[in-house]
Amino acid sequence: MRLNDARELLSSRTGPKSMSFDGVGGGPSTHEIVAALADVPQGLGHELLQALWWPESGLRRREQLRQAVVALVAPEFTRQMHALADARTEFGIAKASMGWCGGVVTDTQRREVRRSEQALEDARSAAWPNNTMEQLGVLAGAVIAEMAGACDCSRCAGKKVLPDPAGAGIVSCGDCGGSGFEHLSGRKRAAAIGADWSAYSRFWRPVYEWMLATFRAAEARAAKQFSKALTQDV
C-alpha cells in the first residue's frame, strides 16, 4: 500500500469492509485501521499522523503531541545553549591568558583569541532565540498547519528529485529543496507565528525550518510503519 493511500485511509477511517482502493470490496475495517495505528511506535510521528490525518483523535491527544514536541526540541535547544556557554567560556579564558601576570603577549595567544572569538560568533549565529521554548506552541502550530496545507512541488511532482541535466542520474529538486512540497514564503511563515518578516528572517527561520524538516521526517516514518502494519493486519 502506498503511503498516501494509507494516510487517506486513516483520514477517512473507513467503515467495516468497505471498498478498497482498487475498487474491490473487502477493505480494512475501522478496527483494523485502529489496530494498525496502535502498531506505530509512540512518539512525535505517531502524534503527527493523527493530528494531520485524524484531527478528531488529534484533538484528544493534544497533551501527547505537546510532550512529543518538547521531547524533540528541548534537547537541541539545550545543546545549543551549552555550546554557546562553552564558547563564551573559552573566549574568556583566551583573553585572560593574554600577557598572563604581566608576561609577554605571544603570537600563539593572539591566534587563540581570534580562534575562540570566531567560535563564539559561530555559536551565537547557530543558536536559536532565547525564548524558543516559550514560543514552542506557536511554532509547532504553524509548522503543523503548513504540513496540513502543503501541496506537492509543481516541478518534481512531490518526488523530491529530478533527472540530472548533465545526464548522470538524478539530483535533488532545486525548487523545493528536496522536500517534495511547494515552498511556503518566509512572509507567510512569519505571519503564521505572529512575527514580522525581518524578525522571522533574522531569528526564527532556522528553528522553524529545522522543526518543519524534522516533523516531516517523523510523520513520514510513522506513515510508513502504519502502512506496513495495515498491510499485515488486513
Discussion item. Against the conditions (1) closer than 30 Å to Pro75 by Cβ; (2) under 18 Å from the mean Cα position of the chain (by Cα), where does Glu182 fall short? Just the number, please.
Written reply: (1)
Response to the item:
All conditions in (1) under 21 Å from the mean Cα position of the chain (by Cα); (2) among the small types (Gly, Ala, Ser); (3) farther than 30 Å from Asp5 by Cα are true of Gly99 except (1)
Worksheet item: Has segment 187-210 got at least one residue that is over 22 Å from Ala51 (Cβ atoms), in a helix (DSSP H, G or I) and in contact with a Phe, Trp or Tyr (Cβ under 6 Å, 6 or more places away or on another chain)?
Response: yes
Practice prompt. Being among the hydrophobic types (A, V, I, L, M, F, W, C) and either under 29 Å from Arg7 (Cβ atoms) or in contact with a helix residue (DSSP H, G or I) (Cβ under 7 Å, 6 or more places away or on another chain) (or both) is the filter here, so list the residues in segment 148-169 that pass it.
Written response: Ala148, Ala150, Cys151, Cys153, Cys156, Ala157, Val161, Leu162
Worksheet item: Which of the residues that make up segment 146-176 are part of a loop (DSSP other than H, G, I, E, B), small (Gly, Ala, Ser) and surrounded by 12 or more Cβ atoms within 10 Å (Cβ to Cβ)?
Response: Ala150, Gly158
Worksheet item: Out of segment 90-128, which residues are assigned to a helix (DSSP H, G or I), aliphatic (A, V, I, L, M) and under 30 Å from Tyr208 (Cβ atoms)?
Response: Ala119, Leu120, Ala123, Ala126
Worksheet item: Do the conditions hold for Val143, that is, is it assigned to a loop (DSSP other than H, G, I, E, B), among the β-branched types (Val, Ile, Thr) and out of contact with any Gly (no Cβ under 6 Å at 6 or more places or on another chain)?
Response: no
Worksheet item: Listed residues Val113, Val73; which is farther than 30 Å from Gly174 by Cβ and surrounded by 15 or more Cβ atoms within 10 Å (Cβ to Cβ)?
Response: Val113
Worksheet item: If Ala217 satisfies every condition in (1) within 18 Å of the chain's Cα centre (by Cα); (2) surrounded by 15 or more Cβ atoms within 10 Å (Cβ to Cβ); (3) in a helix (DSSP H, G or I) but one, which is the exception?
Response: (2)
Worksheet item: Quick check: is even one residue across segment 80-97 touching a residue at least 60 places away in the same chain (Cβ under 8 Å), within 17 Å of Glu134 (Cα to Cα), surrounded by fewer than 18 Cβ atoms within 10 Å (Cβ to Cβ) and not aromatic (Phe, Trp, Tyr)?
Response: no
Fill in: Neighbours by Cβ (under 9 Å, 6+ apart or cross-chain): first from segment 139-159, at pLDDT below 95; second among the polar types (S, T, N, Q) and surrounded by 16 or more Cβ atoms within 10 Å (Cβ to Cβ)
Ala150/Ser179; Cys153/Ser179
Worksheet entry | Candidates Thr132, Thr106, Thr89, filtered to the one that is within 19 Å of the chain's Cα centre (by Cα) and either over 25 Å from Phe181 (Cα atoms) or among the β-branched types (Val, Ile, Thr) (or both) | Thr132
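The values are calculated or read from the model by the stated rules, or taken from the named source; none is laboratory data. From a predicted model like this one, the values you see are computed outputs, not experimental measurements. Note: ideal-geometry Cβ built from the backbone for every residue, glycine included; neighbour counts use all protein chains shown.
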